[in-house]
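Visitor: Following this message is one structure expressed as structure tokens.
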Amino acid sequence: MPDDNNFRIGYVADVEGHWDYFLEYVQRSNVLYWEEHEGHNTNISTTTTNNYGITFQRLKLRPNTHFVYGGDSVDKGPGDIRLCRALVDLKKQYPDHVHLLVGNRDLNKIRFSSELSDDDMERPIEDIKRPFWDSNAKSYKEHLEEVKQTHAATKSDCTLDDLNTKTERLRWMLKHTLGCPDTFEFRREEIAYLDKIYGSYPPTCETHESSPVPTVLHRTNDVDVDTTKVTDEDVVESFNYEINHSEGSLRQYLHHASIASIIGNTIFVHGAIDRLTMRFVPSKYSKFDLPTSPPPSFAEPSIDIADGMMIDDVHEWVQSLNEYLHDGLKDFESRPHWNEERTSRGGEALLAIQNRPSMWGRSVVCNSYADGGVVATDDAEEQRKQALRVAEEELNPLAFEGVASNVFDQAPADWLLAHGIKRIVVGHKPTGDCPAVLSSAYTGVEVCSVDTSFARRRDISTGEKSNRFGVNRGDAIALVEIAGSDCNYNRLEVSGTLADGTEYSNTHPHIGINEDAITGDSILGKKTVDGWWVKASVSDSYHLCRGKGRTVEYDTRSEEDVFVCHQLLKR
């Protein structure tokens, strides 16, 4: 058996600005660590006495390792800027061993440049409709009317035009079009923190270029900050700076990121590789809107398509997707605002690829396997089949919103296997309190879905500790690593803390050469006859999960119980 200590990949995704979660992840990681950053061990600004004694750290990568950040760096916590800075700085230090992927939450911030511009603020309020992909969201006018009601007691003569400011436009975008209503106040908190630690915000050239990051000693509540000094206008300017300025944290993240990455036998994307997304590279002229082109053939996607191209070689496909990203960024940088007719803006193709209806359901960024905390449910499969029928018969691309990909489909598995890919690792959509895995025993390709951003269990009580990583994450944290003798002979290792505080550490079977020599737990990542998925081994029992949509159930069973009812195993 080859030595399993020569190679390791670390993976995490969907931190979404939750700085405390990332600090805990690094503390547990066998791939990342913090190193004291010389030159930033005393105060940075002589105008701020509170900086004395603060030790700054720099994120580092261990030898013989790779690190993949799977996308969605921002939106759900007061650490957007710090996380992006730390990840970009790590990428700059180890360009060939650090891989940053784009998620929908990273790409959709491109909208700020055009939709918060001075020219766009002159548009009639009635012209700013609800997002085309969400019929339940409020239009901008409806949002302002709601805000007016809250001001009625103190500002009875306030009009909608009075309320039509960049602050309210941004609040509306975050809450009703981007799914992150708390982000505005999270950013206010982070600005106050950065100003106190570094002495200024936006950062000076010196502090930004070196990208110092506070040590793990400085969690969110470890430093008292005064958020009242940060105005609404400061918050708006911060969002503009971080995406529009060439040194902005999110702008830099996108510049150093990819849509997909391959390391040996493993491919990484934010969303999913399925029958619709495999081989497909969208046209650089794709629009962030409901498509006017006819739908493709969903059963057997054709090589001849009008809205993109099909590439058979997996490695060339990944290269073309990444070129699509960087061409889109160049377009965004060259013309960040709308044209005079408001029919075109730079980066439109990047907004399109993070929106399933715009792509006729063909987005590796935002398609997803996850449903009910697992990678496949019967209900999700029925919804997927119905969506395909509606899309074809009614020519309705909105049918793809919320649809899960078929993880059991042999077609994408065979395509990947033919090019040496035996594992897919993704994030994007929550999978309960630990990663959801599909055993390679099903299709030959192992699938690992790693988003635990909605892991808190409300059916149990663990006291205040359940809010350790916020009201949605609870106490759960996951460490996903791939270890082996090299990039083609390795195994998945998953460890962490479940929502109830239970620690677990699991090793999945090897993938690569000499697969007859099975090591690891072969029951993990499989489905029982009665519909439960085996997600983790805890002591002498197994942690099981099943669900539907956003409803997730959990169960604990002995090894014997799981073995007896497992659909692939015999006694």
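The values are calculated or read from the model by the stated rules, or taken from the named source; none is laboratory data. A quick note: this is a predicted structure, and the numbers were derived from the prediction, not measured. With ideal geometry, Cβ positions are generated from the backbone for all residues, glycine too; neighbour counts draw on all protein chains shown. With ligands, DNA and RNA removed, areas are computed over all heavy atoms of the protein, side chains included. Shrake-Rupley method; radii C 1.70, N 1.55, O 1.52, S 1.80 Å.
Visitor: Of the heavy-atom accessible surface of the chain (probe 1.4 angstrom), what whole percent is carbon and sulfur?
Guide: Whole-percent figure for carbon plus sulfur exposure: 46.
Visitor: Report ³J(HN,Hα) in whole Hz for each residue of segment 519-527, in order, from the Karplus equation J = 6.51 cos²θ - 1.76 cosθ + 1.60 where θ = phi - 60°; Gly and Pro get x.
Guide: Values per residue, Gly and Pro as x: 10, x, 8, 7, 7, 4, x, 10, 10 Hz.
Visitor: Only helices at least 15 Å long along their axis, Cα-based, and averaging -0.5 or more on Kyte-Doolittle count here, so list those DSSP H runs from the chain.
Guide: Result, helices passing both filters: 80-93.
Visitor: Right, something else. Could you tell me which residue out of Ala499, Gln252, His176 lies farthest along the dipole of the chain toward its positive end? Charges go on the beta carbon: Lys and Arg +1, Asp and Glu -1, centred on the Cα centre.
Guide: Farthest towards the positive end: Ala499.
Visitor: Not counting ligands, DNA or RNA, and with a 1.4 Å probe, what is Ile125's accessible surface area in Å² rounded to the nearest 10?
Guide: Around 10 Å² of this residue is reachable by solvent.
Visitor: While we're here: Per residue of segment 422-433, what does 6.51 cos²θ - 1.76 cosθ + 1.60 with θ = phi - 60° give for ³J(HN,Hα)? Whole Hz please, x for Gly and Pro, Karplus curve as stated.
Guide: Result, ordered by residue: 10, 8, 10, 10, 9, x, 6, 10, x, 10, x, 8 Hz.
Visitor: Can you pull the percent of Cα pairs in the chain with separation above 41 Å?
Guide: 22
Visitor: When the dipole is taken about the Cα centre of the chain, and only Lys, Arg (+1) and Asp, Glu (-1) are charged at their Cβ, what size is it in debye, to the nearest 20?
Guide: Using Cβ point charges on Lys, Arg, Asp and Glu, the chain gives about 500 debye.
Visitor: With all pairs of different alpha carbon atoms counted, what Kirkwood hydrodynamic radius in Å does segment 239-390 show?
Guide: The Cα-based Kirkwood calculation yields 16.8 Å.
Visitor: Under a Cβ-only charge scheme (Lys and Arg +1, Asp and Glu -1), can you give me the dipole magnitude of segment 279-365 about the Cα centre, in debye to the nearest 20? Before the final figure, lay out each step's value.
Guide: Working: 9 positive and 14 negative charges, 66 e Å.
Result for segment 279-365 is approximately 320 debye, rounded to the nearest 20.
Visitor: Still on this structure, I have one more. Might you report the magnitude of the Cβ-based charge dipole of segment 361-420 about its Cα centre, with Lys and Arg at +1 and Asp and Glu at -1, to the nearest 20 debye?
Guide: Computed about the Cα centre, the dipole is about 220 debye.
Visitor: What is the P(r) of segment 336-475, as percent of Cα-Cα pairs per 10 Å bin from 0?
Guide: 11, 29, 31, 20, 8, 1
Visitor: Another question, if that's okay. Quick one: 3J(HN,Hα) in Hz for segment 352-358, Karplus 6.51/-1.76/1.60 with θ = phi - 60°, rounded, Gly and Pro as x.
Guide: Rounded to whole hertz, the list is 5, 6, 9, 9, 4, x, 4.
Visitor: Continuing with this model, one more query. Mind running the shape call on segment 54-204? Use the C-alpha gyration tensor, a ≥ b ≥ c as the square roots of the eigenvalues: rounded below 1.5 for a/c, prolate if a/b tops b/c, oblate otherwise.
Guide: Judged from the Cα gyration tensor, segment 54-204 comes out prolate (a/c at least 1.5, a/b above b/c).
Visitor: To check you understand DSSP bridge types, tell me what percent of the beta bridges within the chain (both residues inside) are antiparallel, rounded to 5.
Guide: Expressed as a percentage, antiparallel bridges in the chain total about 75.
Visitor: Can you compute the helix-only [θ] at 222 nm over the chain? Use -39500 (n - 2.57) per DSSP H run of at least 4 residues, normalise by all residues, nearest 500 deg cm²/dmol.
Guide: The helix-only estimate for the chain comes to -8000 deg cm²/dmol at 222 nm.
Visitor: Give me Rg over Rh for segment 291-350, both radii from the alpha carbons and Rh done the Kirkwood way, two decimal places.
Guide: A ratio of 1.07.
Visitor: While we're looking at this one, here's another question. I'm checking a number: the convex hull volume of the Cα atoms of segment 69-149, normalised per residue, in Å³. What is it?
Guide: Details: hull volume 11.7 nm³, N = 81.
Expressed per residue, the convex hull around the Cα atoms of segment 69-149 is 145 Å³.
Visitor: Using the structure shown, select from Lys287/Lys330; Lys138/Lys287; Lys60/Lys109; Lys138/Lys385; Lys109/Lys175 the pairs with a Cα to Cα distance greater than 18 angstrom.
Guide: Lys138/Lys287; Lys60/Lys109; Lys138/Lys385
Visitor: Next up: Quick one: check the C-alpha center-to-center distance for segment 289-336 versus segment 398-451, whole angstrom.
Guide: 21
Visitor: Okay, moving on. Among Ser522, Pro357, Gly444, whose Cα lies farthest out toward the positive end of the dipole of the chain, if unit charges sit on the beta carbon of Lys, Arg (+1) and Asp, Glu (-1)?
Guide: The listed residue farthest towards the positive side: Ser522.
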